[in-house]
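Step one of this worksheet: look at the structure below.
Computed from the coordinates by the stated procedures, all read-outs in this text should not be read as laboratory data. This is a predicted model, so every value here is computed, not measured. Here the Cβ positions follow ideal geometry from the backbone for every residue, glycine too, while neighbour counts run over all protein chains shown.
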There are 2 protein chains.
Amino acid sequence: MAEEKTKNADEIFKEFKEHSITEFFRKNSQMLGYAGKVRSLTTIAHEYITNSLDACEEAGILPDIEIRVKEISENRYGVYVRDNGPGIPSKHVGKALASVLTGTKFHRYMQQRGQQGIGAGGCTIFALITTGRGIRVKSSTGKEAYTCDLSIDIKGNKPLVNNLVQIKPDFRGLVVEGEFGDVKYEKSEHGVYEYVRRTALSNPHTSIKLVEPDGNEAVFPRSVNTMPRKPRQILPHPLGISASDLLDFAHISESRKVTSFLVDSFSRVTHDKVRELMDLAKDVDFDKAPRQLTWEDATRIVEAFKHVKWIGPELDAMSTIGEKQIEIAIGNILNPKFNSVVERKPQVFKGGVPFVVEVGIAYGGEAGRKNGAAVSGNILRFANKVPLLFDTGSCAITEAVQGIDWKRYSIAKFDEEPVSVLVNVSSVYIPYSGVGKQAIAQEDEIVEEIKLAVQDAGRKLQRFLSGERHKSIQQSGYKTIMRYVSQLSSDLEEITGRKKEETEKELKNLIDKRYKSLFKEEDGETEQEEAQSAS
Amino acid sequence: MAEEKTKNADEIFKEFKEHSITEFFRKNSQMLGYAGKVRSLTTIAHEYITNSLDACEEAGILPDIEIRVKEISENRYGVYVRDNGPGIPSKHVGKALASVLTGTKFHRYMQQRGQQGIGAGGCTIFALITTGRGIRVKSSTGKEAYTCDLSIDIKGNKPLVNNLVQIKPDFRGLVVEGEFGDVKYEKSEHGVYEYVRRTALSNPHTSIKLVEPDGNEAVFPRSVNTMPRKPRQILPHPLGISASDLLDFAHISESRKVTSFLVDSFSRVTHDKVRELMDLAKDVDFDKAPRQLTWEDATRIVEAFKHVKWIGPELDAMSTIGEKQIEIAIGNILNPKFNSVVERKPQVFKGGVPFVVEVGIAYGGEAGRKNGAAVSGNILRFANKVPLLFDTGSCAITEAVQGIDWKRYSIAKFDEEPVSVLVNVSSVYIPYSGVGKQAIAQEDEIVEEIKLAVQDAGRKLQRFLSGERHKSIQQSGYKTIMRYVSQLSSDLEEITGRKKEETEKELKNLIDKRYKSLFKEEDGETEQEEAQSAS
């Protein structure tokens, strides 16, 4: 210990360095979802597919996506993704696909699959660190078409566009092609196939074709020929923003005064409401330029927000999977005996961010954790219609579903019975717990709302199960009695001389009637119980 | 639908913007661990305490840390952290505490608690977004002492140092003080108190005092007066690096030729080994400057690495908690009836990154998930001696422990019996799954090694439990027989005339002897069984 050199502060800080965000993600690519060979390949498919779906949605195009995965050598695969979307203008393609923290989605309040501007750039980083080469792009916006190679200057987080060649714009869309090392194609519940299948189920307006490494073509045709409701970009609601947010918006605002800034930047703020705010926050000069607002001003305005009566946030800005489609999806995946789907009304979290929860519960068939089906988990998670296959344990959906007292819904042990739960959370801002966007942070309001949705669906399940149980008790009682009817009838013939067939027929009628009335009574009881447990 | 405006590519990309990493983390602060009020406060304590411990360790100082948490108003707290470390020179303080992705630890192969250069900057961002104010610092390196205010220019990720005042350097260390909103002090298993307590247990050379908001002083005195083995910075092992890593090191190398670059930059590479590499990678020019290496060169060299016989990575660069200290820690937290601790030999993952696993299993006392103790989880996770309190579900430790077939170790259901497992993983690079560093990514080699360690400790537990069970069976058998000895002896006296007392004494001796031999036999069987189950 004595000869161990210890350092003083100057020596320690001599090594002080700055790093770029691309360097950071190169070193910690597991944080982007590149952990494990199978998962890494799924992450690549996920990033490109969600980008395509978002672009098509924004351009109002029914998506047609093709993804080809080709094995090149051990742990090295080629990935090709083609869409029929709006394409990317060549002057933006570098930033869009070969840098991180750039994009169109960062400050938007709009339901989109991507929201960070990291995903596609992350793929290019991963291609670079595992093969030394970037990706190849072909795109047409209808006006301009080109091919090019994309790479990244890692130290500077700068895109490098090479070999840009203009071609004939006789198509529309984007083709991305790259080679990736340290990946593996596997047809497991965490693999590309399962990801594509679930994407198709939650996006019925999409046609997806997956060509697997063995040449097998899995085609998921579109089952709906209309675009889903287009998510609208909305303004943030006053109750959903903090002083820090307010200042942030103020600093990018083009309004001349605080008054017009508030009306222009936030939902539900009218000039009348601004007058109320001015009364409540007398120390703030509402005539100055927005960028001159101080933290104290912002705090006062946010405080005043809380004392004004607002119309709630706009809730129709989101697009859900839809009850019918969830039923079809569950039917396709699990082929259950019973299916209970609930779409709740939109809610808000953090005071003003709208979100909406949809839930489907499946019972029987291939539902349940212990079932031998391809899907071994019993919780199917989606966020903005994107399947979440990883980080199950730290997700708000998992927490909510596992926090349910399943016994109340006639499920003794959730993990051991043939029951599965599908949950989709849609929002203009999904609070993902990590950069890899595979789990929703456990915000109280979201967890609570998911629980309520599962309970709603659970009550229908409970009714079904108690019906099933009564039926089975009744059926076995009925059978037992019927077994004796014939014997009894012939005994009675001996004693009374009355014909066996007659007695038998009458007795059977009598029993059938009795059992029918039993059914009714018990159905009544069930509903009563259910009403109690709901309170 | 018809009137919905759809956008073409030019319109979509008109809104294209770049964002700074600080902007990103401000918007997604939950990714840094700021999700939920209690957790956010713990994250703040965690970042400052780990920084202090790392600094003291590097400077060879026994850490003396004081942390004060003061309630200012609802959901708003003051946090004060003081250490006796080396201090921070004023010219570095901005970068160190008020920016992200800057630091001394990024490219090091050395076991440290911090490794990303994000933590402390994240605290300053969180202070800014919840209170509009940065933090206040007082520091002395022994040569220079000062106070200052720190803030961040979020758009540019630039630190802002204000009100810097030189003071008398009559102390050494760092004091950080700030106010934080949207936080809450709670004495739960996720709170600051529990975090500090577990830190004290895994860092016995540290003295920590926590002053809680109610004024209560929790003092955790140091229990060991010597520094733990100092982690050494090591060079990466050739088998642990990829072509991408090799190029990265080549580009920052000051060596003149590839030959000397390889010897200087990697562990176990001698000039003899370089000659072997030159034979294996004939197409590479080993005389050129390292920064002229191409991807093809790097691929060839990495391929050649695989065909040379190497001495394994340096494994003595890491510092563990230690078996004895884990026993004390478990005793303190859980007061169990039985305690089985295992420290495994260091291993490597990804071919060349060394890590070491320590495990302790506690049985009885307050161990177990269903126990009413303060610690409700039954898996206590540590990484480089830092307690991990969040993201339990997505951690390699959780996966490994839950993947154990506990029945083999006489535990019917892991979650329902009074059993807890403590695991500490130490490494020169912990592959955290998220930026918030609360879970270890599920790398196969790490999960496997944790499993082996738990199984080692589990075998001791199994032996103890089967001993316990035999004892209890034997004890009840013994008692039953003894109950009859007296009756039998007096019956025999009637029949044979032999004195009851004599017969009773002899019978008792006989039974005692028989039971002693039984103990031995069954112990023998147990070990045999155990040897089988270990194979």
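From the label point of B:H271, set 7 Å along Cα to the beta carbon, how far off in nm is each other copy's matching point, shortest first?
List, nearest first: 8.6 nm.
Find, among the residues of chain A, the one whose Cβ sits nearest the axis of the rotation taking A to B; state the distance in whole Å.
Axis-proximal residue of A, distance in whole Å: A:G393, 1.
Going by how many other beta carbons lie within 10 Å of each one, how would you line up A:S265, B:S223, fewest first?
Values: A:S265 20, B:S223 16.
So the residues, fewest neighbours to most, are B:S223, A:S265.
By counting other Cβ atoms within 10 Å of each Cβ, how are B:S410, A:S140 ranked from fewest to most?
B:S410, A:S140
Taking a ≥ b ≥ c as the square roots of the eigenvalues of the Cα gyration tensor of segment A:21-220, is the shape rounded (a/c under 1.5), prolate (a/b larger than b/c) or oblate?
rounded
Long-range amide H contacts for B:A383: which residues qualify at under 5 Å (H placed 1.01 Å from N, peptide plane, sequence gap of 5 or more or a different chain)?
Counting only residues 5 or more places away or on other chains, the set is B:L388, B:V425.
What is segment A:209-288's relative contact order, in percent, from Cα pairs under 8 angstrom and six or more apart in sequence?
Working: 51 pairs, mean separation 18.5, N = 80.
Value for segment A:209-288: 23 percent.
Please sort A:24-32, B:505-513 by packing, taking for each peptide the average over its residues of neighbouring beta carbons within 10 angstrom, highest first.
Ranked from most to least packed, the peptides come out as A:24-32, B:505-513.
With +1 assigned to the C-beta of every Lys and Arg and -1 to the C-beta of every Asp and Glu, and no other charges, what is the dipole magnitude of chain B about the Cα centre in debye, to the nearest 20?
Details: 75 positive and 77 negative charges, 213 e Å.
Dipole magnitude for chain B comes out near 1020 debye.
Taking the Cβ of A:K187 as the centre, find all other residues whose Cβ is under 15 Å away and add up their charges (Lys, Arg: +1; Asp, Glu: -1).
With Lys, Arg at +1 and Asp, Glu at -1, the neighbours total -2.
Once the label point is set 7 Å along the Cα-to-beta-carbon vector, what list of distances in nm do you get between A:G331 and its counterparts in the other copies?
6.5
Using the basic label-point model (7 angstrom from Cα toward the beta carbon), what is the A:K7 to B:K345 distance in nanometres?
3.1 nm
For the Cα atoms of chain B, what angle does the longest principal axis make with the long axis of helix B:295-305, in degrees from 0 to 90, nearest 10?
Taking Cα atoms only, the helix is inclined about 30 degrees.
Calculate the tail of P(r) for segment A:323-457: the fraction of all Cα-Cα distances greater than 28 Å, expressed in %.
Value for segment A:323-457 (Cα pairs over 28 Å): 10 percent.
For an R0 of 30 angstrom, estimate the FRET efficiency from the Cβ-Cβ distance between A:E327 and A:Y80 and round to the nearest 0.05. Could the numbers behind the result be given before it?
Working: r = 33 Å, r/R0 = 1.11.
Computed FRET efficiency for A:E327 and A:Y80 comes out at 0.35.
Quick query: amide H of B:K7 versus all other amide H atoms, modeled in the peptide plane; which residues come in under 5 Å with a sequence gap of 5 or more or a different chain?
Residues meeting the amide H criterion: A:A59, A:G60.
Mind running the shape call on segment B:238-305? Use the C-alpha gyration tensor, a ≥ b ≥ c as the square roots of the eigenvalues: rounded below 1.5 for a/c, prolate if a/b tops b/c, oblate otherwise.
rounded
Mind scanning A:K230/A:K350; A:K155/B:K282; B:K187/B:K437; A:K158/B:K282; A:K385/B:K350 and naming the pairs with a C-alpha gap bigger than 28 Å?
From A:K230/A:K350; A:K155/B:K282; B:K187/B:K437; A:K158/B:K282; A:K385/B:K350, over 28 Å: A:K155/B:K282; A:K158/B:K282; A:K385/B:K350.
Taking a label point 7 Å out from Cα toward Cβ, give me the nm distances from B:Q166 to the same spot in the other copies, shortest first, one decimal.
Label point to label point, same position, other copies: 6.3 nm.
Against the longest alpha carbon principal axis of chain A, how many degrees, from 0 to 90 and to the nearest 10, is the axis of helix A:37-59 turned?
80 degrees
Under a plain spin-label model, where a point goes 7 Å from the Cα along Cα-to-Cβ, how far apart in nm are A:T270 and B:E468?
Result for the modelled spin labels: 7.0 nm.
Just want the ordering: B:M482, B:M110, from fewest to most Cβ atoms lying within 10 Å of their own Cβ. Before the final figure, lay out the partial values.
Values: B:M482 14, B:M110 20.
With the fewest neighbours first, B:M482, B:M110 line up as B:M482, B:M110.
Compute the relative contact order of segment A:132-254 as a whole-number percentage, counting only Cα pairs closer than 8 Å that sit 6 or more residues apart in sequence.
15 percent
Against the longest principal axis of chain A, how steep is helix A:323-334, in degrees 0 to 90 to the nearest 10, with axes from Cα atoms?
For helix A:323-334, the angle is close to 80 degrees.
If you take the charge dipole of the protein assembly as shown about its Cα centre, with +1 on Lys and Arg Cβ and -1 on Asp and Glu Cβ, which of A:G365, A:S244, B:Y34 is farthest toward its positive end?
Positive-most Cα among the choices belongs to A:S244.
With an 8 Å Cα cut-off and a minimum separation of 6 or more residues, compute the relative contact order for chain A in percent. Intermediate results must be reported in sequence, preceding the final value.
Details: 1019 pairs, mean separation 63.2, N = 535.
Worked out over chain A, it gives 12 percent.
What FRET efficiency would be calculated for the residue pair A:L280, A:E445, taking the C-beta separation as r and a Förster radius of 30 Å, to the nearest 0.05?
Between A:L280 and A:E445 the formula returns 0.70.
How are the alpha carbon pair distances in segment B:156-196 distributed across 10 Å bins from zero to the largest one, expressed in percent?
It works out to 17, 31, 26, 25, 1, in whole percents.
Considering every residue in A:87-95, what mean count of other chain Cβ atoms within 10 Å of its Cβ is obtained?
3
About the Cα centre, and with charges only on the beta carbon of Lys, Arg (+1) and Asp, Glu (-1), how big is the dipole of the protein assembly as shown? Nearest 20 debye, please.
Dipole of the protein assembly as shown, to the nearest 20 debye: 920 debye.
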